[in-house]
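Read through the structure below, which is laid out as structure tokens, and then see the notes.
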Amino acid sequence: MEVQQFYYDNKIVKKFLYASIFFGVVGMLVGLLLAVMFIFPNITDNIPWLSFGRLRPLHTNAVIFAFVGNAIFGGVYYSLQRLLKTRMYSDVLSNINFWGWQLIIVAAVLTLPLGYTSSKEYAELEWPIDIAIAIVWVTFGINMIMTILRRRERHLYVAIWFYLATFVTVAVLHIFNNLELPVSYLKSYSVYAGVQDALVQWWYGHNAVAFFLTTPFLGLMYYYLPKIANRPVYSYRLSIIHFWSLIFLYIWAGPHHLLYSALPEWAQNLGVVFSVMLIAPSWGGMINGLLTLRGAWDKVRTEPVLKFFVVAITGYGMATFEGPMLSLKNVNAIAHYTDWIVAHVHVGALAWNGFMAFGIVYWLFPRLAKTELFSKKLANFHFWIGTLGIVLYTIPLYVAGFSQHMMWKQFNPDGTLKYGNFLETVTAIMPMYVMRAVGGTLYVVGALVLVYNIYKTVTAGQKIEDEYAEAPALVRISKSRLKGEGFHTWLERKPIQLTVLALITILIGGIVQIIPTLVVESNIPTIASVKPYTPLEVEGRDLYIREGCVSCHSQMVRPFRSEVERYGEYSKSGEYVYDHPFLWGSRRTGPDLHRLGGKYSDNWHFNHMYDPQSTSYGSIMPAYKWLFDNKAMDFSKIETKMRTLKKLGVPYTDEEIANASASIKAQAEKIEENLKGDPDFVKSYEASKEAAAAKGEEFVPMSQREITALIAYLQRLGTDIKVKAEN
């Protein structure tokens, strides 16, 4: 038998792992800053690019796509070569994958703090970056598939099934969720509106968690855990059931993020049913992982890498039990919009993804550098301080979530809300936010310990070079099934067929849920009184998106007595038909805003945005003073925006588009006149005129500043349905 000689590409693995460590620390530090902002909301006062709403998507993108994403690539490139006994198909494609992904991360770091965002959760990056993501992801997929086709192992190991499913599913999700019409180089509008946009977004959002944060890590678990424990996978048959049932069921579960919303009831119920079913394959994977350690528990006590894996897999089990539980409507009614969801997400992120990545890093670098880990004591310290950090991070948020629910729902004997002021719930859970920041600090300290430990390991070892290997050439056999060969055994040596079957499996759920919502008009009943936003309101809505207000405020009043009493009439699907994108939100750090229009005066909004604590004592909302700066807002793109929205179905007439500037001027001047009804405003307004004159600056009327457009949008929210009720 011919033995072939070749080299494994270790340099690409090293690059991805270095990037993962670097961006992991950066992403965690941004997250810690955000946690501190809950305690000191004005810590970055008047620095727009350090405001909470702009940094929050930077944190999520940095942790998910930079830290975890680079760890996935590094772990896959190392394991794939050894499972297939071949070098990656193309060094050029490997490096395009690496440098392209880092450039995308840098683009996110530059654009998100500047307010360039589509506002879609986990998909905030604007359209040119979306295209770059698709190109780099396809490059990764081509490199992986071509490597598989020239392998020296006949059968594909279970880890590779998960890698392939990850590739095809993430590609489908990313492309369909990010279909947008550009307005400019860094501005676009989603092609979907309202309910449709919400369904597609959470079809993507839930499955970004499923197929970017879960399936690739399950593949990594199936490779690295047996290697580290020196034990075979507990059950091959269970791994087959785990894989196919997981990828089939996961894709249906997205609507459980939209329970009690304006989404059609049938879609909500489908999401609930499949979410509950998900617990079986999820726990099957957890059991398969933990039972792989049978007979190796003595090694777990002495090997810090295995400790990380055990907690990671346990965290996966906890999160995948909690997810189906949260999809039950009675439980969802308690948890949704509260900090319970934040705790749930971070159990998965900190334990499952974070600890799995740390374990892989600790195991790989000594092998890449051909040395021993610098300090097992430091690795053990990292494990324990990181575990304590997870506990101190999540438990306070579970308490906060239950507290929010109980306070939001509680009534007095006379039928009025006991805690009618939303801020009472905020001040009650402030100690929990302090404890969360402490837990986050401990977790970051652990990550910094890892940086030091890996640095000392690499500097003490050999230079990381490509690794020599040899293996027999693969002898090709019949393409058809052999006598006595099971279907799945045959499928494991047919990568193209396996990939196509995985693609079909994940498409079924998406087609059944999304197509009817997009094409069947009865799913979204229209409301005659709902009209498109005025030009000034369009500009204000774009400011609302730019500042990330959706991170803290929802725009969806659910049909609960407590919510209707607190906010007003529950939300109807027809109210959102012109919303590109939807802004329903997923958390209430502040109150729901869907019925905000007309509730307060223009002066209240003016003062609230300039100094939130002046109108709402105890508020943890930061000030947005840059909206008041003495500079004119750029309305030059309003006609282009309206033409783009018209292409998407918003019924603007040519006359309305042509008269957009005049409409903006008239509505903005009316708001300015309303503001002048407050003597304090007039006094400060005149003083600012004098200050501008003293500096030799041109004074910009308030009607031309950004705050006026934002006030126009806020005053519009939820008012169309009131017009209908009055008529």
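Using a probe radius of 1.4 angstrom, the carbon and sulfur fraction of the accessible surface of the chain is 64%.
For 526, 615, the ranking by accessible surface with the largest value first comes to 526, 615, using a 1.4 Å probe.
Taking 30 Å as the limit for the C-alpha separation, the pairs 15/641; 120/637; 120/689; 572/646; 15/187 exceed it in the case of 15/641; 120/689; 15/187. About its Cα centre, the dipole of the range 559-655 is roughly 260 debye, where the only charges are +1 on Lys and Arg Cβ and -1 on Asp and Glu Cβ.
Just tell me which aspartates and glutamates come within less than 14 Å, Cα to Cα, of residue 307; anything on the same chain fewer than 8 places away is out. The reachable aspartates and glutamates, counting only those whose Cα sits under 14 Å from residue 307, are 298. The long axis of helix 430-460 is offset from the longest Cα principal axis of the chain by roughly 40 degrees. Structure note, pairs 418/531; 85/370; 299/377: Cα-Cα distances above 25 angstrom occur for 418/531.
Taking Lys and Arg as +1 and Asp and Glu as -1, the other residues whose beta-carbon sits under 13 Å from that of residue 551 total +3. Accessible surface for the range 647-697, divided over its residues, is 65 Å² per residue with a 1.4 Å probe. The range 373-439 and the range 184-245 have Cα centres separated by 27 Å. If you take all other residues with their beta carbon under 14 Å from the beta carbon of residue 196, and give Lys and Arg +1 and Asp and Glu -1, the sum is -4.
For the range 450-516, divide the Cα radius of gyration by the Kirkwood radius and give the resulting Rg/Rh value with two decimals. Intermediate values should be presented prior to the final figure.
Details: Rg = 22.4 Å, Rh = 17.4 Å.
When Rh is taken as the Kirkwood radius, the ratio is 1.29.
How big is the dipole moment of the chain about its Cα centre under a simple scheme where the beta carbon of each Lys and Arg is +1, that of each Asp and Glu is -1, and everything else is neutral? Debye, nearest 20, please.
Numbers: 65 positive and 56 negative charges, 642 e Å.
It comes to approximately 3080 debye.
Mean sequence separation of contacting Cα pairs (under 8 Å, at least six apart), scaled by the length of the chain, corresponds to a relative contact order of 17 percent. Ligands, DNA and RNA excluded, the heavy atoms of residue 669 present near 80 Å² of accessible surface to a 1.4 Å solvent probe.
Computed over the range 112-255, relative contact order equals 30 percent, with contacts defined as Cα pairs under 8 Å that lie 6+ residues apart. Report summary: the helix-based calculation at 222 nm, which adds -39500 (n - 2.57) for every DSSP H run with n ≥ 4 and divides by the residues of the chain, gives -20000 deg cm²/dmol. Would you list, by chain and number, the aspartates and glutamates whose Cα falls below 15 Å from the Cα of residue 463, excluding same-chain residues fewer than 8 positions away? In chain and number order, the partners are 9, 372.
Between helix 10-39 and the chain there is an angle of about 30 degrees, using the helix long axis and the longest principal axis of the Cα atoms. Note on the range 423-575: dipole from Cβ charges, positive end direction compared against 534, 455, 486; the farthest Cα belongs to 486. With all protein chains kept in place, the per residue accessible area of the range 104-208 amounts to 30 square angstrom at a probe of 1.4 angstrom.
With the whole protein complex present, residue 341 retains an accessible surface near 40 Å², based on a 1.4 Å probe.
Taking amide H atoms as placed 1.01 Å from N in the peptide plane, the amide H of residue 188 lies under 5 Å from those of 183, each 5 or more residues away in sequence or on another chain. Within a straight-line Cα-Cα reach of under 26 Å, residue 483 can be paired with the following lysines, leaving aside sequence neighbours fewer than 8 residues apart in one chain: 494.
Angle check, please: helix 158-177 long axis (alpha carbons) against the longest principal axis of the chain (alpha carbons), in degrees 0 to 90, nearest 10. On a 0 to 90 degree scale, this one is about 20. Accessible surface ranking for 202, 604, 1.4 angstrom probe, highest first: 604, 202. Annotation: residue 492 carries an accessible surface of approximately 10 Å², with a 1.4 Å probe and no ligand, DNA or RNA atoms counted.
For the range 449-534, what does the accessible surface come to per residue with a 1.4 Å probe? Please give it in Å².
Numbers: 4850 Å² over 86 residues.
Here the residues of the range 449-534 average 56 Å² of exposed surface.
The values are calculated or read from the model by the stated rules, or taken from the named source; none is laboratory data. All of these numbers come straight from a predicted model, not from anything done at the bench. Methodologically, a virtual Cβ is constructed for each residue, glycine included, from the backbone with ideal geometry; neighbour enumeration extends over all protein chains shown. The area values use the complete protein model at the heavy-atom level, side chains included, leaving out ligands, DNA and RNA. Shrake-Rupley method; radii C 1.70, N 1.55, O 1.52, S 1.80 Å.
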